[in-house]
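K.L.:
First, the structure itself, so that you have it in front of you.
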Amino acid sequence: MASITIKNLPDPLYDRLKAAAKAHHRSLNGEVIAALEHSLAAHRTDPKSQLASIRAQRSQLGIAPLDPGEIYDAIKAGRP
């Protein structure tokens with residue numbers, strides 16, 4: 001397994017990590033790993049699920065589907 005060293009960790013962040021580790025009954029190392037896993041997992045999205053969510057939101061707002069030609073024209077025109 002790989003290991004890392006974290007340099008220049010701000011004291012307030014260290015204190016928060018230490019408190020979180022205690023609250024979760026983990027070592028400081030375990031808490032850092034859990035925090036990293038949680039942080040990185042939050043950014044993983046299934047494209048099909050994300051697209052379905054966007055379409056549902058657009059439908060609830062009454063926004064018509066985007067036409068590729070209109071998107072291209074808007075890109076060509078630039079922002080006002």
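K.L.:
Determine if the stretch 58-74 includes at least one residue that is exposed (fewer than 10 other Cβ atoms within 10 Å of the Cβ), aliphatic (A, V, I, L, M) and part of a helix (DSSP H, G or I).
P.N.:
yes
K.L.:
Residues that are surrounded by 10 or more Cβ atoms within 10 Å (Cβ to Cβ), among the charged types (D, E, K, R) and not in a helix (DSSP H, G or I): does the stretch 22-41 have at least one?
P.N.:
yes
All of the numbers you see were taken from the coordinates with simple rules; none came from a lab. Since this is a predicted model, take the numbers as computed values, not measurements. Every residue, glycine as well, gets a Cβ built from its backbone with ideal geometry; the counts of neighbours run over all protein chains shown.
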